[in-house]
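First the structure, in the form of structure tokens, and then the observations on it.
Since every read-out is calculated from the coordinates, none of them should be taken as a lab result. Because the structure is a prediction, the values reported are computed rather than measured. Here the Cβ positions follow ideal geometry from the backbone for every residue, glycine too, while neighbour counts run over all protein chains shown.
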Amino acid sequence: MNSKEYFFNEVIKEAVEGSSNKSIKVLEIGCGTASYVPTMIDKYPNLEYVGIEPITNSFKKAEKNVGDVPRATVSSQLGYESIEGLEDASFDVVISFSVLEHVKQLGKFMEFSSRYVKKGGIMVHRYDLGHALYPWSLKERLHVFLGNTIPKVLPERKFVRYVSLSEVVDYYERFLGTSPDRYTYHQMRSHKALEKKLGDDVKIDPSRVMTGLYRWEFENAAVFAKLPLPVREQLFPTVAVWGRK
Ligand SMILES: C[S@@+](CC[C@H](N)C(=O)[O-])C[C@H]1O[C@@H](n2cnc3c(N)ncnc32)[C@H](O)[C@@H]1O
């Protein structure tokens, strides 16, 4: 189980708590290749999954990954316009992973994602400040600089910038109609590097080693919340904002 799968399990636990429904409907915006979806569908017999993904190559892979999977569909589009065939306020969970920092029109995206959360459902956006806080290359640094200062020069599909927590909170209040009720902090650089090494170099199933660290992130979120924001962001570049409609 990788960090994203562990996180998804936590989201499902939270969604089940607040729902009287047997089935849990999840909308993922910017699902990439949806590679973790078959495992999750297998694990949760009551899960229904809809993913949307605007980048053609990723979408094609996602289509392949969920092709034979029951109760899972993906479609190709940006997270701004209505999704054909879907009703507003019809999902128990609306989620994204590492997407907010790539969204060019974040207000429109947050309005779109809030629309699909049903009353009592949850919206969780887990985003990643790694590009902005410690870019790997000059190109990435330049991209982030342009995204932060002259966003219009970057195309939708190549967009990246720093996203401030206060901006995200403001969108929750404006569009979901309530303040976030929980924050969790993830992917300390050393943990992420360790996970990669275990998988790529050492040929150990990283989940055997890493699960304790994923749990530790959740168990200590309230402690990390007390750190000053710039310190916390440096330590935990991935932030998840949780809110219930
Ligand atoms: C770093 S990838 C993450 C993909 C996937 N969620 C994952 O965790 O592997 C960023 C994703 O954001 C998506 N994205 C960027 N802007 C978007 C938008 N306006 N609407 C929907 N998805 C968007 C991209 O298509 C891309 O798949």
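In table form, for the structure just shown:
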quantity: Separation of alpha-carbon centers, the stretch 204-245 and the stretch 96-120, rounded to whole Å; calculated: 21
quantity: Magnitude of the charge dipole, the stretch 49-117, Cβ model with Lys/Arg +1 and Asp/Glu -1, debye to 20; calculated: 260
quantity: Helix-only [θ]222 nm of the chain, DSSP H runs n ≥ 4, -39500 (n - 2.57) each, per residue, nearest 500; calculated: -11500 deg cm²/dmol
quantity: Nitroxide proxy distance, nm - points 7 Å out along Cα→Cβ at K43 and D68; calculated: 2.2
quantity: Cβ-based charge dipole, the chain, positive-most Cα from L146, V93, P38; calculated: L146
quantity: DSSP-defined beta bridges in the chain - what % are antiparallel, rounded to 5; calculated: 40
quantity: Distance (nanometres) between label positions extended 7 Å along Cα→Cβ at L227 and E81; calculated: 4.2
